[in-house]
1. Being surrounded by fewer than 18 Cβ atoms within 10 Å (Cβ to Cβ), among the aromatic types (Phe, Trp, Tyr) and under 47 Å from the mean Cα position of the chain (by Cα) is the filter here; which residues of the stretch 309-333 pass it?
2. Can you pull out every residue in the stretch 138-168 that is without any contact (Cβ under 8 Å) to a residue 40 or more places away in the chain and more than 29 Å from residue 202 (Cα to Cα)?
3. Do we have residue 336 as part of a helix (DSSP H, G or I), exposed (fewer than 15 other Cβ atoms within 10 Å of the Cβ) and either hydrophobic (A, V, I, L, M, F, W, C) or in contact with a strand residue (DSSP E or B) (Cβ under 8 Å, 6 or more places away or on another chain) (or both) here?
4. Could you list, in sequence order, the residues of the stretch 212-234 that are surrounded by 15 or more Cβ atoms within 10 Å (Cβ to Cβ), outside any helix (DSSP H, G or I) and touching a residue at least 60 places away in the same chain (Cβ under 8 Å)?
5. With the requirement that a residue be in contact with a helix residue (DSSP H, G or I) (Cβ under 9 Å, 6 or more places away or on another chain) and farther than 12 Å from residue 304 by Cα, what does the stretch 129-142 give you?
6. So if I check each of 184, 174, which one is surrounded by fewer than 21 Cβ atoms within 10 Å (Cβ to Cβ), in contact with a Cys (Cβ under 9 Å, 6 or more places away or on another chain) and assigned by TED's automatic domain parsing to the domain that holds residue 246?
7. Of (1) of a type in the set (S, T, N, Q); (2) at pLDDT below 65; (3) closer than 30 Å to residue 356 by Cβ, residue 4 satisfies all except one. Which?
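The values are calculated or read from the model by the stated rules, or taken from the named source; none is laboratory data. The shown structure was predicted, so the numbers you read here are calculated from the model rather than taken from an experiment. Virtual Cβ from ideal backbone geometry, glycine too; neighbours counted across all protein chains shown.
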Amino acid sequence: MSTTTPETRTSFGTKRRNALIAAKDEMNKPPLPRLTVTMNAPLCIRARFQSFLSGKSKQPDYDARDWLRTVVFAPRNIRGFENIRNPWLCVQFVTILWVLFTKIIEPKPLKTFSEQLSKVESVYLIMFSTLGFLIVFRLTRAAVRFWDCRQAWGNMVIYSRCVADALMVRAEEVQMDCNKSEEVTREIVAACDDCVAWCAAFAVSSKQFLRGIDALPKEELLGVLSEEDVNKLQKSPHQPMFCYSMMRRCSSRIYVTYRHSQKSEMREMHETIRDESGRSELSKYLQGLITQEGALERLRATKLPQIYVAHLRTFLILYCFSIPFVYAMNWGWATIPATAIATFALMGVEGAAMECEIPFDANRANHLRMDQYCETIVNSCALLAQWGGEEQAKKELNGGRRETITEESIDEECERMTVVAANEGDNGGVDQSKDTTSTSLYETTREEMNRRLSISKEHVTLDVLNTNATPTEFTPAGAAFGIERTGSAMSGISLTPQNELTSQSLENIAETLKTG
């Protein structure tokens, strides 16, 4: 049987007291800053901009209307010559040897052989037509794959904005709920910020994963994730999936149901329905994000079937190598430049297809500008977090209200316009005719506003116009300005969208109301 000594009781008491002090300090510790504060800090914005700029500079944009820069002064890496350099140089080497052999040595059997080859030019043209069809199909499929990748990134931008906006609205909604405790509100708001941060990190990690780069650019996540979170993300074998998992776990913290005894059963039911609706909306956006990232992975891992590529390149090489043998007797020394241009044009199409088939490389100018897309997503999340996190920003966005048009407001507006017109007439010597025209215009405006005000005071019903008309019949007075019966005698009227509410139509409506 164990006994408790005074020393043991003292140690237990000390540990308990220390635990209570630590818990109290944790409760009294100031809350972490909102995401809008960290993401929109000037230092973080500058660091992210510089990091994204270094990536975008490797894939510069161009002006499609500038023919001079796209044809003459285009950078060397734009044309993707390294994709076809080796076969193209081999063709030129064979062409030069054959032309030198036929023009300098000119053996009789070789000359006879060249003359016979030149006679098969018609068959050669048929082969070129078939080869052109294969090349066009190859380039078309590569272009479709390139556009699918670009469309997937565009959808990721849309879904990221929807996620950030829905979460900021949820955070503001929770802050306005007086029935939730301060601790619960703080937990949900923090979970909303965390989910938006992981959403921004999802784009950056997807870019790196598609490029096959394990290292994460920490500058692009500055103010988004903490150093500890970045290290965890760095160690993950599938970084986009890790971000998605974190977003899903944040969503479970955001829409958890907190039941309180003081709530009525009806209120609990309404809150549960609202939370389930928000959870469903957020799940749809998150599913859209991971679906688009999965589509990008599929396009990255799947190439055009090898049998098609092998068949196309076999006949392409045979055709290019046969050009000097077929046309050397007719073209002479011009065979060398003609072959060089023709083979570069044909092989260049294949090189363009190779360039656009999997467009995820960071050092190729023709590939997708994923740094720009990631910057757009991160900046969108930062802006939406700012609108949903700063009290001043929310007041500026939601503080305005539409004033009701009354007779007093019309009089004040007309007086203000009259004062402005008088001041303009005094400054610069405006002529009398212009001032008279302005005054007439303001009087017309006043009459029009009064007419609209008087009409808005009337309660218009269909039986005032014509209670005996059929449901689809135009009333005599309403036919002039597009008033149509929309249902039964008490269903009301509607203005057809093709007709504008002009002064003449307002007068017709007023006259109809009077004569009933």
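1. Result: 315, 321.
2. Once the filter is applied, which keeps residues that are without any contact (Cβ under 8 Å) to a residue 40 or more places away in the chain and more than 29 Å from residue 202 (Cα to Cα), the stretch 138-168 yields only 140.
3. No, not satisfied.
4. Within the stretch 212-234, 217, 222, 223, 224 qualify.
5. Result: 130, 131, 132, 134, 135, 136.
6. 174
7. (3)
Yes/no per residue for (1) in a helix (DSSP H, G or I); (2) surrounded by 11 or more Cβ atoms within 10 Å (Cβ to Cβ); (3) at pLDDT below 55:
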position	(1), (2), (3)
360	no, yes, no
366	no, yes, no
371	yes, yes, no
375	yes, yes, no
378	yes, yes, no
386	yes, yes, no
393	yes, yes, yes
400	no, no, yes
